[in-house]
Structure formats: C-alpha cells, structure tokens
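Below: one structure, written as structure tokens.
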Ligand code: SF4
C-alpha cells in the first residue's frame with residue numbers, strides 16, 4: 001500500500017496545531033507539525049503523537065458495553081441505544097423531566113460531532129439539570145461576556161501578535177498552549193514580543209514554565225488576584241489614565257464614575273496586605289502597565305476558579321477597556337471567525353433564570369454549577385436527580401469532591417456514558433456508548449476559531465477509517481434523540497420534534513455559508529493547510545449585541561460583588577493554600593492512559609516551599625498527608641522554591657486508583673486526585689464557578 005499524507009488540526013487542546021500524518025494501510029506511521037499550516041506554522045507539542053497512541057490504545061472501547069449483575073458485557077448498538085433511551089424516558093415519566101441530568105465534559109468542544117449534535121439531543125431531554133466543565137473553570141469569562149457585550153460566547157482574546165506588554169495572571173500558556181485563547185506556538189510568540197522590545201509579566205503563586213520565558217515574575221498569594229486588579233483600577237483612576245477612545249460613545253459615563261467610586265478604597269496599602277506583593281512592586285507594575293503603548297491583561301485558571309473568579313473577569317475586561325487596550329491592536333480583541341458562535345442577541349442575560357435545587361446557585365446559559373451535581377443527586381426530596389447522562393467527561397476526577405460524586409453516581413437509578421474509556425466516572429454507568437474518535441473523525445474546531453488570536457478556518461477529513469461497526473458521536477446523539485422521542489411518543493403521546501435532520505457535513509456547510517466569510521465547505525476542503533482570514537480587527541461598537549447596543553461596563557451583578565469584596569475579611573485561619581497545576585504531557589485526565597505521555601518520573605507530586613519543608617521536617621520524596629475540609633490524601637512531596645511559601649500545588653487529573661476502571665497505563669501511575677481535596681461547598685458566590693484555587697489545607701507528616 002502506498003503511504004498517504006493527511007493533514008488535519010490536532011483536537012487535543014485549544015491550540016489547534018496543523019498536523020502532517022503519514023498513513024499506510026489505515027495505520028498511522030508518523031505525526032509531525034504541518035509546516036504549511038496557516039496558523040501553527042509547523043508547531044506541535046509532545047501530545048500530538050499521543051493521537052496515534054490514543055488511536056491504538058488497547059483500552060479504548062470500540063463497542064458498547066452494558067452492565068448486567070455488576071459485570072460488563074459487549075452488546076449491539078441497537079440494544080445499547082434502546083436501553084439508554086428507554087431508561088431515560090422511564091425515569092422521566094416516573095419522576096419528572098428534571099430527574100434526568102446531563103454532564104458534558106471538556107472534550108465535547110474538541111469534537112465536531114459532539115459540538116454540533118449533542119445540543120439537539122440534550123434539548124430533547126428537556127431537563128433543567130444540565131452541568132458541564134464550564135462551571136469548573138471558565139464560567140467567569142462567559143458571564144462577563146454575556147452581561148457586558150450581550151453574548152456569553154463573545155469573549156475577547158489578547159492580541160499577543162501585536163502587544164507590547166502582556167500580563168498573564170494565573171495562566172501558564174507555555175504548558176496549556178493557551179486557554180480561552182487559541183494560540184499555537186506560545187514560545188515563538190513570546191519570543192516575538194521580546195524581539196520587538198515588548199515585555200511579558202507573569203503573576204502567579206508559582207514560578208511557572210511561562211515565568212521562565214517571561215521578563216518578570218511576581219508572586220501573589222493564591223486567591224487574592226481580585227485585589228491586585230481592583231488596586232490597578234484605582235491606580236488608573238487616581239492617575240487619570242482613562243482612555244476610552246472609539247468606545248466612549250458606547251459606554252454610559254455615569255457607570256465610569258460609579259466604578260471610580262467603587263474602587264476608591266483599594267489603595268496600595270490594602271492591596272499589598274492582601275496580595276503579599278510589596279507596595280513598591282505593585283506601584284512599579286501598575287506604572288509599567290499604564291505606560292505601555294499597547295498592553296493587554298489576560299487571566300486564566302488561577303483567577304477564573306477562585307472565590308472571586310466571576311468578578312476577576314469583569315475586572316480584566318474593564319481594565320483593558322478603561323486603559324484604551326480593548327478592541328484595538330495589541331489589546332484584547334474579538335475574532336471574526338468563519339463560523340460565528342456569538343452572533344445571536346440574548347434578550348436578557350442568560351443568568352440566574354433558575355437555581356440549583358439544594359444550594360440555590362444560579363444557572364448560566366442553561367447550566368447549573370457542577371459543584372452542586374453530587375448534592376442534587378444525593379439529597380432526597382422533590383426534584384431529586386435519579387438518572388445521569390455523561391458525555392466525554394470524567395467529573396469524578398475533574399469536579400470538586402470526586403468521592404462524593406462516586407457515592408452520588410452509585411446511588412442513581414440509571415446512568416449512561418458516551419465515552420471511549422471505562423474510567424473513574426463511566427464505571428458507575430449502566431451502559432457505555434463509545435464513539436469513533438480522534439484521527440478517525442472529520443474535524444473543524446468551531447469553538448477555538450472563535451477564540452483564536454488570528455482568523456483562520458481549517459477543515460480536516462478523517463486521517464484513518466473508524467473500526468468496523470463503530471459509530472461517530474453525531475450518529476450516537478442522533479440515534480439517542482430519535483429513540484427517546486419515539487419511545488416517549490409511544491408511552492406518553494408527547495409529540496416528536498419536527499425539525500429536519502442533517503448530516504454532519506450539511507450542518508457545518510450551513511454554518512460556514514451563513515457565517516461572516518460566506519465560505520463553502522467544498523472550497524474549504526481545497527485548503528488542507530487552512531485558510532488565512534486575516535488579523536484581528538476592531539469591531540465595536542457595531543458587534544455589541546446587548547439589548548441597548550451599548551457596552552455595559554458595570555452590570556448590576558458586579559456592583560453587588562464589589563460590595564461583597566470590600567466587606568470580605570482577610571482569611572488567615574489556614575496553614576496552607578492549595579492550588580492546581582498542569583503538565584505539558586497531560587490534558588487533565590485525558591492523556592494518562594498513553595504510555596508515552598506518562599513515562600518518566602512521577603509528576604503527581606505536592607510542591608512545597610523549602611522553608612515550609614524545613615518547618616515540617618519534610619524531605620524531597622517524602623510521602624506527606626494533605627488534609628482539606630473534605631478529605632485527606634497521601635502524596636510524595638517535591639521541595640521547590642518555584643512555589644510560594646504557604647502554598648501547596650498538586651496537578652489535576654490524577655487519581656486512577658479507583659476500583660473497576662479499565663485503564664492499564666493510568667492505573668500503574670495512579671497518582672492522587674486533586675478533586676479528592678477540592679471542596680464542593682466552595683464556589684464563587686457570584687457565578688457559581690468552582691473554587692479550585694486557594695483551598696485551605698494542612699499538612700500532616
Ligand atoms: S499544542 Fe495542543 S493542539 Fe498543538 S499539538 Fe499540542 S495538544 Fe495538539
């Protein structure tokens with residue numbers, strides 16, 4: 001058989017790197033960066049070759065599994081889908097529509113079929129109990145976009161191709177490869193900023209891989225980023241640095257005044273005492289930011305998932321706006337993608353229209369905070385969740401209080417998982433539906449083109465054939481929806497949806513044709529290295545989609561949150577604060593069953609500062625116990641001055657030591673689950689986002 005060369009975008013992370021894949025007789029021979037890719041220019045990270053390993057992983061499920069008397073058995077698609085659909089409907093008939101919940105994991109947006117076809121299926125279930133990974137780490141971005149610009153998916157990204165001063169707070173793009181910011185080759189782009197005499201400043205409780213490449217690192221006490229940001233806002237007002245530029249007419253002046261009054265108390269003394277950054281350092285950083293020609297603030301997980309995560313993202317947007325670094329080159333900008341996911345106006349912000357049953361936390365975009373899922377299942381009473389659908393997510397490892405979720409999932413009347421692995425979550429299911437995945441699927445990264453630092457469009461055909469009899473994810477969702485509607489009609493007489501059905505290519509084709517660039521899928525297919533649609537351009541106020549067409553710089557919900565912040569007490573009743581971290585070869589829990597991604601030294605360690613280690617008589621490699629309010633875990637210590645004193649860091653995604661999983665490589669390494677310590681009761685009061693940074697813990701030796 002001749003060796004074929006296939007080009008496609010990598011779907012493992014947000015960077016959407018172009019890949020050149022050699023295939024012989026439906027076997028992957030090699031994977032390397034596509035030098036001609038219009039966006040990534042040949043860049044890839046070590047995870048790219050993981051796609052081959054994922055494709056060949058003997059633990060990957062190819063056929064549906066059904067549990068009978070506690071044992072798993074392979075079954076037919078017909079039986080598995082009918083069983084799943086009928087069980088969902090039966091639970092709803094007995095206990096009401098909301099008795100069935102849906103959890104969608106992060107890979108949902110990395111798979112075209114799931115992105116396009118799961119929404120119709122989820123809508124057909126008609127439940128208000130929907131959860132996803134969004135509320136674990138990125139809800140603040142969407143809430144700010146929804147309330148300030150009119151659509152939660154209209155999220156600005158830092159124009160790092162043209163900025164002179166990039167401030168990264170709580171993010172580590174050298175390892176994440178960009179998050180809520182699609183930017184392949186971060187290392188090269190950092191180098192470009194420095195070559196044009198720009199600067200990069202990282203603010204983080206840990207000296208990260210990005211800090212190593214940056215010009216300055218500032219340590220900050222975990223969870224206090226909001227004080228740093230409010231202090232900067234105060235500095236901007238005090239020093240008359242407000243420059244609204246072309247946005248002046250789109251912003252109500254009285255709101256600018258109201259913000260000035262609200263931030264008045266955030267002086268250097270109070271910010272220094274909260275953040276543990278010296279007044280001199282704060283003053284220098286604030287001055288540098290205000291003096292930079294083209295500056296941009298970017299905040300990610302460290303600020304997104306803490307007690308004031310929602311407010312942090314309002315503050316970042318507001319600072320970029322107030323200082324003239326918004327919707328301008330080198331500041332925070334909006335994309336103009338071929339498939340625009342944020343064109344629709346919401347008549348009212350989609351926030352707080354209903355609340356979670358037990359803790360009364362607000363919905364956003366039709367989803368409730370995932371930290372409430374376990375209690376919404378376990379707490380008896382009207383509206384209790386009795387059945388669950390999970391789609392490419394592993395909440396037992398990725399949502400706070402995984403042990404409680406274990407108990408909750410085990411108590412369900414029925415559970416179905418659409419997933420390629422028998423993992424820590426899906427082991428609780430009654431039936432698992434594994435779709436064809438990765439290199440076997442066509443791809444178009446809809447979500448990530450919407451967050452990209454340069455406008456491109458890139459469609460990929462499948463690189464290899466799926467295994468015989470396998471179904472694609474869109475086929476599974478379509479068949480589930482059809483079966484649910486037909487069975488419900490039979491049992492209750494409820495009418496089926498009369499919406500026409502489409503194929504994957506038809507759906508994508510419509511979205512492209514009706515998008516701003518009016519592309520045809522056929523035309524796009526002629527460009528295997530992608531189409532360059534140009535640099536980001538100013539788009540406001542024209543693209544604002546708020547009800548009054550203005551930029552709402554100070555929505556009501558943030559006014560109340562600022563009051564809460566001002567009245568908040570300093571919390572010193574903890575020995576340590578726990579933060580997470582990520583490893584380049586890992587993608588939360590996804591990649592741990594791939595030998596090449598997990599070989600070498602154990603990376604699931606607790607980082608402890610040398611002075612703290614001395615106090616507790618801890619040596620490098622010692623096993624220490626870390627206790628939070630909910631649990632205690634044992635983990636090897638790694639003594640390092642890269643972590644701030646008083647802080648401990650454990651990576652996310654580990655903990656493959658649960659019974660009943662079928663992940664040979666991951667089980668061998670096991671590690672400890674961060675979310676066995678993360679407390680489900682800790683959420684940002686404003687947005688409901690989980691608190692997975694600055695969790696109070698103690699050390700036991
Ligand atoms: S950076 Fe992300 S998209 Fe690029 S090769 Fe690595 S995992 Fe794939």
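We did not get these values from a lab; they are worked out from the coordinates using the rules stated. A quick note: this is a predicted structure, and the numbers were derived from the prediction, not measured. No Cβ is skipped: glycine too gets one built from the backbone with ideal geometry, and neighbour counts run over all protein chains shown.
Find the eigenvalues of the gyration tensor of the Cα atoms of segment 469-595, then list the square roots of 5 times those eigenvalues as equivalent ellipsoid semi-axes, largest first, in whole angstrom.
Semi-axes (√(5λ), whole Å): 40, 29, 26.
Can you give me the convex hull volume of the Cα atoms of segment 317-379, divided per residue and expressed in Å³?
Per residue, the Cα convex hull of segment 317-379 comes to 149 Å³.
Among 91, 358, 399, which comes first, second and so on when ranked by fewest other beta-carbon atoms within 10 Å? The partial results should precede the final answer.
Details: 91 20, 358 16, 399 29.
The order, fewest Cβ neighbours first, is 358, 91, 399.
Add -39500 (n - 2.57) for each DSSP H run of 4 or more in the chain, then divide by its residues: what number comes out at 222 nm, to the nearest 500 deg cm²/dmol?
-9000 deg cm²/dmol
What are the extents of the Cα atoms of segment 274-415 along their three principal axes, in Å, largest first?
Rounded to whole Å, the extents work out to 60, 42, 26 Å.
Run through the DSSP bridge list for segment 157-333 and note the antiparallel percent, rounded to the nearest 5.
Values: 2 of 16 bridges.
Antiparallel bridges: around 10 percent, rounded to the nearest 5.
Once the mean 1/r over all distinct Cα pairs of segment 157-333 is inverted, what Kirkwood radius in angstroms do you read off?
Values: mean 1/r = 0.0620 Å⁻¹.
Roughly 16.1 Å, rounded to one decimal.
How large is the Kirkwood hydrodynamic radius of segment 1-150, in angstrom, based on all distinct alpha carbon pairs? Let's see the in-between values first.
On the way: mean 1/r = 0.0521 Å⁻¹.
After inverting the pairwise mean of 1/r, the radius is 19.2 Å.
Considering only DSSP beta bridges where both residues belong to the chain, give the percentage that are antiparallel (nearest 5). Before the final figure, lay out the partial values.
On the way: 43 of 80 bridges.
Roughly 55 percent of the beta bridges in the chain run antiparallel, per DSSP.
Please rank 599, 625, fewest neighbouring Cβ atoms within 10 Å first, as an exposure proxy. Let's see the in-between values first.
Numbers: 599 10, 625 13.
Lowest count first: 599, 625.
Once the Cα atoms of helix 279-291 and of the chain are each reduced to a long axis, what angle between those two axes, in degrees from 0 to 90 to the nearest 10, is obtained?
The answer is roughly 80 degrees.
Compute the long axis of helix 186-195 from its Cα atoms, compare it with the longest principal axis of the Cα atoms of the chain, and write down the angle in degrees, 0 to 90, nearest 10.
20 degrees
Output the antiparallel fraction of DSSP beta bridges having both residues in segment 576-700, as a percent to the nearest 5.
On the way: 14 of 20 bridges.
In segment 576-700, approximately 70 percent of DSSP beta bridges are antiparallel ones.
Could you tell me whether segment 566-668 comes out rounded, prolate or oblate from its Cα gyration tensor? Rule is a ≥ b ≥ c as square roots of the eigenvalues, rounded for a/c under 1.5, then prolate if a/b exceeds b/c, otherwise oblate. Before the final figure, lay out each step's value.
Details: a/c = 2.03, a/b = 1.65, b/c = 1.23.
It is prolate, given that a/c is not under 1.5 and a/b is the larger ratio.
Determine the shape class of the chain: with a ≥ b ≥ c the square roots of the Cα gyration tensor eigenvalues, call it rounded for a/c under 1.5, and otherwise prolate if a/b is greater than b/c, oblate otherwise.
rounded
Between helix 225-238 and the chain, what is the angle of the helix's C-alpha long axis to the longest principal axis, kept within 0 to 90° and rounded to the nearest 10?
Tilt relative to the chain: about 40 degrees.
Based on other C-beta atoms within 10 Å, arrange 420, 661, 303 from fewest to most. Provide the component values of the computation, followed by the final result.
Details: 420 25, 661 20, 303 29.
Listing 420, 661, 303 from fewest to most nearby Cβ atoms yields 661, 420, 303.
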